[in-house]
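Only the coordinates and a few stated rules stand behind these numbers; no lab work does. This one's a predicted model, so the numbers in the text were calculated from it and none came from an experiment. Cβ placement follows ideal geometry from the backbone for every residue including glycine, while neighbour counts extend to all protein chains displayed.
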Amino acid sequence: MQLQIKYFGLLAEITHCDEETIEFSKSQVSELLEELYLKYPSLKQKDFKVAQNHEIVSTDSNITNPEIALLPPFSGG
Amino acid sequence: MQLQIKYFGLLAEITHCDEETIEFSKSQVSELLEELYLKYPSLKQKDFKVAQNHEIVSTDSNITNPEIALLPPFSGG
Amino acid sequence: MTKERKPKNVFKEGAISSEFIAESIAKHQSKTSIGAHNIFLGQVRADDIDGKTVSAIEYTAFEGMASAKFHEIREATFSKFNLTCMHIYHSLGSVKTGEICLFVFVSSPRRKEVFKALEYVVEEIKAKVPVYGKEIFEDSTHQWKVNS
Amino acid sequence: MTKERKPKNVFKEGAISSEFIAESIAKHQSKTSIGAHNIFLGQVRADDIDGKTVSAIEYTAFEGMASAKFHEIREATFSKFNLTCMHIYHSLGSVKTGEICLFVFVSSPRRKEVFKALEYVVEEIKAKVPVYGKEIFEDSTHQWKVNS
């Protein structure tokens, strides 16, 4: 399946892009993260959460939506 | 001693004045109130506090200032 | 706080306008240590009392004592909370329904402080400052407001 | 609350002006059941970090999720507190030090409600809405803001 991965804040500086499309053949968020850590090793040291369907999801969730966002700690207001 | 008595809110409607000067020969707030109740019997049913030197004082306080204010419950804001 | 603050004039004749509030906010743009403002506005309600509707409140005050109490509240608030600045304005005279009669404005580097400080100031004003509201009904009768 | 509310557009490009805040206050004069307004304003601080001073914050957001979260916060707030109305505005893009980046406005017949509701809304925004502040220093370097 094709996933659109969105990066915010500090993470977009590491990946040098705000979003990218990747081909993904597995099922869990944790498996997606393993692939992203291979591509961007310094992501692993960063504090972030994964959102799917506009909700934070745990790493053992299944991917059900082609849009996945990587969100560092919020700093609005 | 001459006292200037100030009336606020509802109390000024009972006394038909905002302030008046009265001659007072005793010493305590409670004694002043007795005299005012004689003059304005319906004052006795009203909820109010007495202020002297811009502070609420108890009825057994001595009168030390010629300006005495009768204050119904505050309703600012 | 060792800084001595002089009593400020809190009372304003009539309603407090939204333009006045905006100017007050704009004046704080040069105070760049501020991170959070909290503003309380009291607005005159068109309360329905025994079938009659409030059309305005006429405010009077024991001004000398009120000014002393506003000053005490200011000093106590600055000693309790880490505030950069604080402003209080209260109407005297007639304020129509829908208009603003009380404007309290506190500012601090941090938001936690402003929430605690603002509620403290407003409750202190209600409890300690000799101000009286006379609720004027549409038929020109009146009653004396009682705070809840 | 059974009334359905549509998501509102919370984001504004650049700083929130004091004139905009004043207009928002003035619009409530016709709502004569309101007795108390409470307003929170977030202002960009000129923080000093390792000898460099913040000159602006550039805000970005995951807008789709942020709008959903603002809507959830609105709905939860109306169900928890007796509010007449509620408005939230947050800046996107560059906001200079001293300028306003967050404007939260709640109104109720009674003051006790607005104090509780406003703090709830502001804390919920800070905790749940994916907005990012990039602190720009005077020498054009930057760091990513961390909320405390």
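In a shell of Cβ-Cβ distance under 11 Å around B:Ile14, excluding B:Ile14 itself, what net charge do Lys and Arg (+1) and Asp and Glu (-1) give? Every neighbour counted, the sum reads +2. Here the relative contact order of chain A, from alpha carbon pairs under 8 Å that lie six or more residues apart, stands at 39 percent.
Think of chain C as having a plus end and a minus end, set by charges on the Cβ of Lys, Arg, Asp and Glu; of C:Ile21, C:Ser94, C:Phe62, C:Ile21 sits farthest toward the positive end of this dipole. Students often get this wrong: which residues of region C:19-59 have the backbone nitrogen under 12 Å from the point 7 angstrom along Cα-to-C-beta of C:Ser148? Of the residues in region C:19-59, C:47-49 have backbone N under 12 Å from the label point off C:Ser148.
Take every Cα pair under 8 Å in region C:33-101 that's 6+ residues apart, average their separations, divide by the length, and report that relative contact order as a whole percent.
53 percent
Can you give the convex hull volume per residue for the Cα atoms of region A:2-71, as a whole number of Å³?
Taking only Cα atoms, region A:2-71 has a hull volume of 78 Å³ per residue.
For D:Gly64, inter-copy separations between label points set 7 Å beyond Cα along the Cβ vector come to 6.9 nm, shortest first. Applying a threshold of 26 Å to the alpha-carbon distances of A:Lys6/D:Lys145; C:Lys12/D:Lys8; C:Lys31/C:Lys96; D:Lys27/D:Lys128 flags C:Lys12/D:Lys8; C:Lys31/C:Lys96; D:Lys27/D:Lys128 as lying beyond it. Between D:Thr53 and B:Glu20, the distance separating the two model label sites (each 7 Å from Cα on the Cα→Cβ line) works out to 6.4 nm.
Quick one: net charge of C:Ser18's neighbours, Cβ under 13 Å, K/R +1, D/E -1? So the environment of C:Ser18 carries a net charge of -4. Only Cα pairs under 8 Å and 6+ residues apart enter the sum, and on that basis the relative contact order of chain C stands at 35 percent. With neighbours defined as other Cβ atoms within 10 Å of a residue's Cβ, the residues B:Cys17, D:Cys101 order from fewest to most as B:Cys17, D:Cys101. Taking the DSSP beta bridges with both ends in region A:2-71, the antiparallel portion is around 75 percent.
Sorted from closest to farthest, the other copies place their D:Gly14 label points 3.3 nm away, with each point set 7 Å from Cα along Cα→Cβ. In nanometers and ordered shortest first, the copy-to-copy spacing of the D:Gln143 label point, defined 7 Å from Cα toward Cβ, is 5.9. Against the longest alpha carbon principal axis of chain C, how many degrees, from 0 to 90 and to the nearest 10, is the axis of helix C:63-80 turned? Orientation of helix C:63-80: about 40 degrees from the principal axis. Could you name the aspartates and glutamates whose alpha carbon sits less than 14 Å from that of C:Lys112, not counting residues in the same chain fewer than 8 places away? C:Lys112 reaches D:Glu119, D:Glu123, D:Glu124. Restricted to Cα atoms, chain C shows a radius of gyration and a Dmax of 16.3, 53 angstrom. Between B:Asp60 and C:Ser79, the FRET efficiency from the beta-carbon distance, with R0 = 25 Å, is close to 0.20. Put simply, the amide H of B:Phe8, placed in the peptide plane, has neighbours under 5 Å in B:Leu70, leaving out anything fewer than 5 places away on its chain.
Calculated mean residue ellipticity, 222 nm, the protein assembly as shown: -8500 deg cm²/dmol, from DSSP H runs (n ≥ 4) at -39500 (n - 2.57) each, averaged per residue and rounded to 500.
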